[in-house]
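Take a look at the structure below.
The values are calculated or read from the model by the stated rules, or taken from the named source; none is laboratory data. As the structure is a computational prediction, the values presented were derived from the model and not from experiment. So basically every Cβ, Gly included, is an ideal-geometry build from the backbone, and we count neighbours across all protein chains shown. Calculation scope for accessible area: heavy atoms of the full protein, side chains included, ligands and nucleic acids excluded. Shrake-Rupley method; radii C 1.70, N 1.55, O 1.52, S 1.80 Å.
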Amino acid sequence: MKLIRKRRNGFVIMFLANFCFAMLLSFVYKEEMVFLFGTISLISLLFLVRQNRLLYDASLIWENRILVVPSIAPNLSGRQIQKDTEETVVSTFGILLGKQIYRWGLDGIHGIRLQTTLIDKERIYLTFGDAAQIMRLEMLHGMSQKKEVIITAQKLLYETGVQADIIGW
């Protein structure tokens, strides 16, 4: 979430700087430069809106978290996630992997949904997707007691409606 907020703040600075340059140059009547900086500020505004939406989604996931796993490179559908992830947050509304967000349950019945959850002694496996694409996330959970696993499974059932299968405990 810090990475998303940092990028959003960068777009704010870029938008404000270009907008100020466009306004300043409009007083000097440099039409080509006003057009250039105006175009750049419009593009940076579009990036800012997009990044602000990502920050909103990340905040929603963070505020409704079920499980937070420290920075351990998770495995998503057979490929290793980059090491820039601060932590992995599993939530009612999706997963936050550093600056990558996978949402579910927000686009209605035909959108992306959490489908299955499996918890063993070391890892948690989450399968989510829609009719077109299914993804599987595998990560170390760090829970050492069966009581923690049961509480997490109950939270997953209550918040998402998906029964977690617990094996090996």
Next item on the list: With the condition kept exactly as written, say whether any residue in segment 14-37 is at pLDDT 85 or above, assigned to a helix (DSSP H, G or I) and surrounded by fewer than 17 Cβ atoms within 10 Å (Cβ to Cβ).
Entry: yes
Notebook entry, point to check: From the set of residues in segment 44-54 that are surrounded by fewer than 14 Cβ atoms within 10 Å (Cβ to Cβ) and either among the aliphatic types (A, V, I, L, M) or over 16 Å from the mean Cα position of the chain (by Cα) (or both), which is farthest from Arg7 (Cα to Cα)?
Noted result: Leu46
Check: Which of the residues spanning segment 89-102 are modelled with pLDDT of 85 or more and open to solvent by 40 Å² or more (accessible area, probe 1.4 Å)?
Finding: Phe93
Check: Which of the residues spanning segment 119-141 are open to solvent by 70 Å² or more (accessible area, probe 1.4 Å) and either small (Gly, Ala, Ser) or assigned to a helix (DSSP H, G or I) (or both)?
Finding: Ala131, Ala132
